[in-house]
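Peer 1: One structure follows; several queries about it will come next.
The values are calculated or read from the model by the stated rules, or taken from the named source; none is laboratory data. Nothing here was measured: the structure is a model prediction, and the numbers come from that model. For neighbour counting, all protein chains shown are included, and Cβ atoms are generated from backbone atoms with ideal geometry for every residue, glycine included.
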Amino acid sequence: MRSTVLSRAVSEIFRSHRGPITIPQLREFLHAKGLSAHKTTLYRIVRRLCEAGMVEELMLDTSVAYYEMQRVHHHHAVCSVCEHIFCLSDLVIERGLRRVGSLLSRHGFFFIDHQFSLHGLCKACQK
């Protein structure tokens, strides 16, 4: 990927941000740094980062794509009201998914990968 001021800033935002972000949020972070970019340009930069294996696209909702730096494999919980995203890194979840894989294999289904998110209400939105 060609190194530009914008692509370096996008990479830095992903490195420093913990958790998934959307393209509109990425635009806001860039604006706070005094940079502006057309959303098409940002999608192109993010797509290249995904192709390079640095960033991962997450579909946590049917209408919005989120992106985050590839780190340790984990899952997400999303508040259905405020859309706050909580990262979940738990071995218990992974063990449960291995059990699901074992059950599926009994039916002749071999699953290669998984991606899921939990949806509910965060503590603030429960009030």
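For (1) more than 29 Å from Leu118 (Cα to Cα); (2) touching a Lys or Arg at 6+ places or on another chain (Cβ under 7 Å), each residue gets a yes or a no:
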site: Ser7; (1), (2): yes, no
site: Pro20; (1), (2): no, no
site: Arg27; (1), (2): no, yes
site: Leu35; (1), (2): yes, no
site: Lys39; (1), (2): no, yes
site: Val46; (1), (2): no, no
site: Met59; (1), (2): no, no
site: Tyr67; (1), (2): no, no
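Peer 1: Tyr67 fails exactly one of the following numbered conditions: (1) in contact with a helix residue (DSSP H, G or I) (Cβ under 9 Å, 6 or more places away or on another chain); (2) modelled with pLDDT under 85; (3) among the hydroxyl-bearing types (Ser, Thr, Tyr). What is the number of that condition?
Peer 2: All conditions pass for Tyr67, except number (2).
Peer 1: Can you tell me which residues in the stretch 115-127 are under 22 Å from the mean Cα position of the chain (by Cα) and either surrounded by fewer than 10 Cβ atoms within 10 Å (Cβ to Cβ) or at pLDDT below 85 (or both)?
Peer 2: Gln115, Phe116, Ser117, Lys123
Peer 1: Are any residues in the stretch 1-49 within 16 Å of Gln70 (Cβ to Cβ), surrounded by 12 or more Cβ atoms within 10 Å (Cβ to Cβ) and free of Cβ contacts under 8 Å to residues at least 40 places away in the same chain, and if so, which ones?
Peer 2: Within the stretch 1-49, Val10, Glu12, Ile13, Val46, Arg47 meet the criteria.
Peer 1: Based on what the data block shows, is Ile112 under 30 Å from Ile45 (Cα atoms) and over 16 Å from the mean Cα position of the chain (by Cα)?
Peer 2: Answer is yes for this residue.
Peer 1: Something else: How do the pairs read when you match residues in the stretch 74-88 that are in contact (Cβ under 8 Å) with a residue 40 or more places away in the chain and under 14 Å from Met59 (Cα atoms) with residues anywhere that are part of a strand (DSSP E or B) and among the polar types (S, T, N, Q), using Cβ under 9 Å and keeping only pairs 6 or more apart or on different chains?
Peer 2: Pairs that qualify, where the first residue is in contact (Cβ under 8 Å) with a residue 40 or more places away in the chain and under 14 Å from Met59 (Cα atoms) and the partner is part of a strand (DSSP E or B) and among the polar types (S, T, N, Q), are His75/Ser117; His76/Ser117; Ala77/Ser117; Val78/Ser117; Ile85/Ser117.
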